[in-house]
Amino acid sequence: MENECLPNFRNCRSIPCCPAIRKSLLAGKSAPVPPARLGLCAGEILVIEPRRLAARLAPGRVERSGVSRSLMAEKRSSPIPDPVAAYDRIAPAFARLAQRRKAYLDRVDQLVISQIPAGRRSLLDVGAGDGTRARRIARAGGLRELVLLEPSAGMRSNWPAQDQARTMRAEDLHQEQGRFDVITCLWNVLGHIAPAAKRVEVLRQFARLVAPEGRIFLDVTHRYNARHFGAVRTALRFLRDRVSPGGDVVVAWGAGGAEVRTTGHVFTHNEVRSLSRQAGLIIEKRFVVDYGTGELRRRSFEGNLLYVLRRADEPSKAAAAGAV
Ligand SMILES: C[S@@+](CC[C@H](N)C(=O)[O-])C[C@H]1O[C@@H](n2cnc3c(N)ncnc32)[C@H](O)[C@@H]1O
């Protein structure tokens, strides 16, 4: 998950996420915001690339805005918490954050359910959060055995006692035995695993744990989602990546009036392709899903990316022909 919700305008003023507000605040104005704009802003959270964060906090700009100072002070005084610690903190607000991305999440769930081959029985969901989506997918897809992996105790706090739980991190999946017909890793969970070598290892474990003809579903925040991040920002990212590939970001949510930050990664398609290859997986299908409306899009820069992966050693002509 990234780009989630700062719950109100007050938070937007302390961390200006909406470009119009940010511009006003950086110019030292009081940021008059038309209601429609406010609505948009209230649904956003900040994703800052470390390089951009440093630039934004440059002296002069900071002093005039009176806004970034708090960020800068916080940056100096507190290290960015690890993702699991951050999710522990936002757990009470998670359902509300998910509600704001309902259209996107529902569409991804629908696509996953529609792509589960008939006759499958078991599902492993990695980074399951509160487990709501995995339970829904399992129910609709006729998967009777469900295992939820979630390292954040806060996120697990409302799980029913009968859930089969794993409390380890995805990086510790080598401890897991068994075979799963379906593995899901949804809403950019992979983006909370760092560095890239660990992401490959996690995908390698998926390849080990998935049944020979099983499927893995993975959606990531698309680094070149111009519809969401804006054309200029995306173009700059694209150009910068030609010089030095990036993708590591600071993710911030407004939760209960406080700001919670953590580290994340946003992906390009080529990156996912390379990670999959290194892990012994093949991309069978890719969907582009609008992060705002949940609509399916044709062009990759219009949405986030949902992948259907399979083992590279699965003998399947159809899948080989359809590899992206
Ligand atoms: C955006 S939430 C997604 C939750 C769920 N997949 C969903 O779509 O509702 C990301 C989840 O990944 C979990 N997470 C963070 N780091 C993780 C790691 N190293 N291994 C497994 N899960 C992790 C977080 O605790 C959080 O529950």
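Could you tell me the calculated FRET efficiency between D248 and R298, based on Cβ-Cβ distance and R0 = 25 angstrom, to the nearest 0.05? Taking R0 as 25 Å, the efficiency between D248 and R298 is 0.30. Exposure proxy shown here: for R227, R179, the number of other Cβ atoms within 10 Å sets the order, fewest to most, as R179, R227. Please report the spacing between the Cα centers of segment 155-190 and segment 80-147 in Å, no decimals. So the separation of the two Cα centres works out to 10 Å.
Annotation: the residues T262, T184, sorted from fewest to most other C-beta atoms within 10 Å of their own C-beta, follow the order T262, T184.
Close amide H pairs (under 5 Å, H built 1.01 Å from N) link T268 with R223, residues at least 5 positions away or on another chain. Listing W187, W253, W159 from fewest to most neighbouring C-beta atoms within 10 Å gives W159, W187, W253.
Every number here is computed from the coordinates shown, using simple stated rules; none is lab data. This is a predicted model, so every value here is computed, not measured. Methodologically, a virtual Cβ is constructed for each residue, glycine included, from the backbone with ideal geometry; neighbour enumeration extends over all protein chains shown.
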